[in-house]
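The values are calculated or read from the model by the stated rules, or taken from the named source; none is laboratory data. Everything quoted here is computed from the prediction, not taken from an experiment. Positions of Cβ are generated from backbone atoms using ideal geometry, with glycine treated the same way; all protein chains shown enter the neighbour counts. These accessible areas exclude ligands, DNA and RNA; they are computed on the full protein's heavy atoms, side chains included. Shrake-Rupley method; radii C 1.70, N 1.55, O 1.52, S 1.80 Å.
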Amino acid sequence: MSEERTEISEIGEFGLIDHLNEKIIIKHISTIKGIGDDAAVIEAGDHVKVVTTDLLLEGIHFDLSYAPLPHIGFKAVAVNISDVAAMNAIPKQITVSIALSNRFSVEAVDALYAGINAAAEHYSVDVIGGDTTASRSGLVISVTAIGESKKESLSFRSGAKINDIICVTGDLGGALVGLQILEREKQVFLANPDMKPELEKYSYVTGRQLKPEARMDIVHELRELGVVPSSMMDISDGLASELFHICKASNVGVTIYEDKLPIDKQTFDTAVELNLDPITCVLNGGEDYELLFTIDQKDFEKLEKHPDIHFIGHVTKTEEGKYLVTKSGTAVQLKAQGWKHF
Ligand code: ADP
Ligand code: MG
């Protein structure tokens with residue numbers, strides 16, 4: 001070991017993953033896709049398996065002072081199902097590993113598992129194992145999800161083609177705005193415990209933060225309509241950051257239009273109330289768990305009337321860069337601020 005010391009924050013989370021990936025050599029031809037997409041892909045006879053894992057830590061990913069344990073359990077599963085959906089695959093099994101400090105009782109673990117089991121039911125997956133250990137610093141949950149697909153139905157981040165249409169599901173920015181509200185009300189409560197938090201009028205945005213839904217409904221509908229997205233990923237770190245991933249993996253550029261970006265009215269109004277720019281929330285807010293995908297123009301007709309799929313722009317040549325066309329018609333360069341833990 002040299003004396004050199006590089007702070008992780010200097011290279012960031014994605015830089016760190018790239019750095020680790022440089023030293024990883026794939027040995028088996030059954031490993032179709034390793035690091036670099038929403039899930040890994042493994043050959044499995046006449047079909048393929050996808051595998052993905054996510055780690056949730058108390059104090060980093062959730063705060064027990066406002067997130068109820070069943071919601072945390074549900075979310076820990078949903079965020080992994082979302083990565084399976086992002087491959088256009090169908091989830092089948094999960095493993096669940098937990099680390100518990102002595103603050104947690106059997107009843108608390110039951111509450112957490114009420115959410116995990118509800119999600120397993122909701123997404124029709126079997127809980128097939130995991131691990132349990134003690135923790136010195138709060139609750140840690142790690143879920144691994146395994147899904148299945150035909151190889152030709154998979155959507156990778158790398159398949160976007162010039163002139164493809166860029167689509168997003170649902171609406172964006174709500175989870176970030178919801179988090180700001182929950183944090184604000186927590187501070188109000190800490191300052192004066194007699195104050196009842198006023199959360200009712202924010203129920204949509206707080207729900208987006210506390211109870212995200214993986215868009216398996218969209219995956220099933222795309223199958224029914226016979227559409228395989230040319231590329232796809234889920235929006236966990238913010239739309240702009242995810243577009244950068246697609247551009248890098250597919251070697252393309254993108255142009256998106258501000259007036260096409262989906263935002264819920266409550267998200268918009270609450271962002272304004274919090275002095276946040278609603279469009280910045282849409283572009284850089286994390287944890288919405290909607291799907292971002294691209295389709296060939298020939299598939300547009302099949303999706304055109306879908307009430308929950310929005311067509312936000314198109315894929316361009318790499319040289320054309322990554323642009324947002326504002327409502328006034330000016331093209332501004334997209335910045336991927338993303339969701340930084342480091
Ligand atoms: P997502 O946001 O879709 O969960 P991530 O940004 O967490 O994806 O991860 C991107 C890619 O890097 C994935 O292929 C993931 O498996 C891989 N990855 C993340 N952390 C590590 C790690 N510590 N070691 C090896 N691969 C990792
Ligand atoms: Mg993902």
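Entry note, the chain: the mean residue ellipticity at 222 nm calculated from DSSP H runs of n ≥ 4, each adding -39500 (n - 2.57), is -10500 deg cm²/dmol after division by the residues and rounding to the nearest 500.
Computed over neighbours whose Cβ is under 10 Å from that of TYR289, the net charge equals -3, Lys and Arg +1, Asp and Glu -1. The distance linking the stretch 245-284 with the stretch 287-331 is 12 Å (Cα centroid to Cα centroid, whole angstrom).
Averaging the sequence gap over all C-alpha pairs within less than 8 Å and six or more residues apart, then dividing by the number of residues, gives the stretch 248-332 a relative contact order of 60 percent.
Modelled label positions at LYS260 and HIS28, each set 7 Å beyond Cα in the direction of Cβ, lie 4.1 nm from each other.
Cα centroids of the stretch 62-115 and the stretch 135-200: 13 Å apart. Partners of LYS151 within straight-line reach, counting lysines whose Cα lies under 18 Å from its Cα and excluding those fewer than 8 residues away in the same chain: LYS33, LYS49, LYS92. For the stretch 58-111, the set of trypsin sites (Lys or Arg not before Pro) satisfying both a DSSP loop assignment and a count of at most 11 other C-beta atoms within 10 Å is given as ARG103.
Taking all protein chains as shown and a probe of 1.4 angstrom, GLU224 keeps an accessible surface of around 150 Å². The mean sequence separation of alpha-carbon pairs under 8 Å and at least six residues apart, normalised by the residue count of the chain, gives a relative contact order of 21 percent. For the residue pairs LYS211/LYS302; LYS265/LYS327; LYS161/LYS302, the C-alpha atoms sit more than 27 angstrom apart in LYS211/LYS302. Shape class of the chain from the alpha-carbon gyration tensor: rounded, with the ratio a/c of largest to smallest axis under 1.5.
Amide H contacts under 5 Å for SER155: ASN88, restricted to partners 5 or more places along the chain or on a different chain, H placed in the peptide plane at 1.01 Å from N.
Modelled label positions at GLU304 and SER137, each set 7 Å beyond Cα in the direction of Cβ, lie 5.5 nm from each other.
Put simply, the amide H of TYR323, placed in the peptide plane, has neighbours under 5 Å in VAL254, THR255, ILE256, LEU334, leaving out anything fewer than 5 places away on its chain. For ASP54, nonlocal amide neighbours, meaning residues 5 or more places apart or on other chains whose placed amide H falls under 5 Å from its own, are VAL143. Is the shape of the stretch 157-333 best called rounded, prolate or oblate, per the rule: a/c under 1.5 gives rounded, else a/b larger than b/c gives prolate, else oblate, with a ≥ b ≥ c the square roots of the Cα gyration tensor eigenvalues? In terms of gyration-tensor shape, prolate.
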